[in-house]
């Protein structure tokens, strides 16, 4: 009985120590979970924006120049996204329309040459980013915005011999909230952003 009592007492002490041990292991794992920084590769990145005209025809245009950084720590399920778009690089396929889109009625690139998205919170879906909440700045106006990640994979870039991220995301916003309300509702207020990018590890 005395031996059994000692064993029960020892087991009780061990059970009490277990949460402390697990907490220590968790903190150790977090300490070894290192954030990784990836720079957006402009030549392998495309950012399109789409809208509808007369509720019938759809239009898609492209921004040719995008830069920024993605920081990901999949083990800790944290990250950040910082994207800068050169608004002057808008490409509709029609030079006259490109000039018009850069006019003060729309992007007003003479005063506001860049469009910026900065994340505030990255929500993870399993081990990959799922929803990215942040702020979008267009034409000097900053509003909350959310990116939904549609694809995400990490792989080596065989050409650069570095780790890389290939990701896709989509977002929607109303252009009238950014002082671009001309022709609403003939030209839709809602604009869809479609992002496909490659980012290479520093």
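Points worth noting:
- Residue 101 in the same structural domain as residue 146 (by TED's automatic domain parsing) and out of contact with any strand residue (DSSP E or B) (no Cβ under 8 Å at 6 or more places or on another chain): no
- Residue within region 106-123 that is out of contact with any strand residue (DSSP E or B) (no Cβ under 9 Å at 6 or more places or on another chain), part of a strand (DSSP E or B) and under 22 Å from residue 89 (Cβ atoms) present: no
- Residues that are surrounded by 19 or more Cβ atoms within 10 Å (Cβ to Cβ) and either more than 23 Å from the chain's Cα centre (by Cα) or touching a residue at least 60 places away in the same chain (Cβ under 8 Å) (or both), drawn from region 176-190: 180, 188
- Residue 159 falls short on exactly one of the conditions (1) in contact with a strand residue (DSSP E or B) (Cβ under 6 Å, 6 or more places away or on another chain); (2) surrounded by fewer than 13 Cβ atoms within 10 Å (Cβ to Cβ), and that condition is (1).
- Residue ID - farthest from the chain's Cα centre (by Cα), chosen from residues in region 48-59 that are assigned to a strand (DSSP E or B) and free of Cβ contacts under 8 Å to residues at least 40 places away in the same chain: 57
- For residue 198: the one exception among (1) surrounded by 13 or more Cβ atoms within 10 Å (Cβ to Cβ); (2) out of contact with any helix residue (DSSP H, G or I) (no Cβ under 7 Å at 6 or more places or on another chain); (3) modelled with pLDDT of 90 or more; (4) not in a loop (DSSP other than H, G, I, E, B): (2)
- When 88, 77 are checked against the criterion of being on the phi > 0 side of the Ramachandran plot and in contact (Cβ under 8 Å) with a residue 24 or more places away in the chain, a single residue qualifies: 77.
- Failed item, numbered, when residue 99 is tested on (1) assigned to a loop (DSSP other than H, G, I, E, B); (2) more than 28 Å from residue 202 (Cα to Cα): (1)
- When residue 134 is tested against (1) under 24 Å from residue 90 (Cα atoms); (2) in contact (Cβ under 8 Å) with a residue 40 or more places away in the chain; (3) surrounded by fewer than 19 Cβ atoms within 10 Å (Cβ to Cβ), only condition (3) is not met.
- Condition check for residue 201: without any contact (Cβ under 8 Å) to a residue 40 or more places away in the chain and either in contact with a strand residue (DSSP E or B) (Cβ under 7 Å, 6 or more places away or on another chain) or not assigned by TED's automatic domain parsing to the domain that holds residue 50 (or both): no
- Residue satisfying all of: in region 91-121; within 15 Å of residue 141 (Cβ to Cβ) and without any contact (Cβ under 8 Å) to a residue 24 or more places away in the chain; nearest to the chain's Cα centre (by Cα) among these: 109
- Given (1) without any contact (Cβ under 8 Å) to a residue 40 or more places away in the chain; (2) in a strand (DSSP E or B); (3) more than 16 Å from residue 49 (Cβ to Cβ), index of the condition residue 164 fails: (1)
The values are calculated or read from the model by the stated rules, or taken from the named source; none is laboratory data. Only a predicted model underlies this, so the values are computations on that prediction, with no experimental measurement involved. Neighbour counts run over all protein chains shown; Cβ positions are idealised from the backbone, glycine included.
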